[in-house]
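Taking it in order: structure first as C-alpha cells, then the write-up.
Just so it is clear, none of the values below were taken in a lab; they were calculated from the coordinates. Because the structure is a prediction, the values reported are computed rather than measured. When we count neighbours, we look across all protein chains shown, and the Cβ atoms used for this are built from the backbone with ideal geometry, even at glycine.
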Amino acid sequence: MQHFNIAIDGPAGAGKSTIARAAAARLGFIYVDTGAMYRAMALYVLRNHIQASGEAEIAAACQKAHITIRYEEGRQQVWLNGEDVSDQIRTEEVGNLTSQISVYLPVREKLLELQRQLAESADVIMDGRDIGTCVLPGAQAKIYLTASSRVRAERRFQELSEKGMSCDLDAIEKDIIDRDYRDMHREHAPLKQAEDAVYLDTSYLSREEVVSRVIEIARERGLKLEE
C-alpha cells in the first residue's frame, strides 16, 4: 500500500510546524517535525560544548546521538539518547545553532533515513527546509510555505512575549534574515521551492485559512477523503 505524503517546506518562522500539525490532525495523518529532529542534534552539540565550526567533531557526534520520535496520545515527543527533550529543543540558542550545523552532510545523512522510513510506513505530513526537494522528492503534494521576514519576526516576538521572555523585534528579524541566507546558500540541500510545489504566502492569512488551503492542495494532488 502506497501512503500519501505531504511535504511542506519554507523559511524559519513561516508557521510550517503549526500548519502541518493542524492539517495532520484534520486528516488523521502523522505529523513529522523534521526541524525538531535537527534541533535535538543541535542540543546534543550544545550540551557537549562542540563549536558550530567544528565539522569533524560534529560528524563524530552524529554517531553518538540517538534521536527518535514517539507519539503518545497524539503528541509528538522527541527523544535524545533516552531522554524526552521536546521542551529543551525550543530555545532561541538551540534554534540558531540548528541552522548552523544543518549545513553539514553527516548531520543530514544521520536523520534522512529515519524521516524516509516514517514516510514509507504511514500517511504523513512532513515539514522542513528540503522535504520536497531532497527528503521526499516523490511526495504527492508539495507546498512552499512562506511569509515576509517582518511578519515572521512579529509572530516570533508575540510567541516569546506570551511566554514572559524579553525580546527585541528588530533583533529577531535580523536573526530570521540571517537564517534564511544560511539555509538558502548552504552546500547540501539548500532551501528552495521544489519545481512541483505550490507557493503559499501566509502573511495575511489566518491559520485556519492556511490549513484549509493545504488540505485543498492535497485533494487537488489526488488525496481521497471520506465524505
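Before moving on, here are some points about what is shown:
- Subset of the range 19-69 that is β-branched (Val, Ile, Thr) and in a helix (DSSP H, G or I) - its residue that is nearest to the chain's Cα centre (by Cα): THR34
- Selection within the range 70-128 - without any contact (Cβ under 8 Å) to a residue 12 or more places away in the chain and either assigned to a strand (DSSP E or B) or more than 27 Å from ASP175 (Cα to Cα) (or both): ARG70, GLU72, GLU73, ARG75, GLN77, GLU83, ASP84, GLU113, GLN117
- Test for LEU114: is it in contact with a helix residue (DSSP H, G or I) (Cβ under 8 Å, 6 or more places away or on another chain) and under 28 Å from GLY138 (Cα atoms): yes
- Among the residues of the range 154-182, those that are under 20 Å from LYS192 (Cα atoms) and of a type in the set (A, V, I, L, M, F, W, C) comprise ILE176, ILE177.
- In the range 193-207, the residues that are in a loop (DSSP other than H, G, I, E, B), farther than 13 Å from ALA7 by Cβ and touching a Ser or Thr at 6+ places or on another chain (Cβ under 9 Å): THR202, SER203
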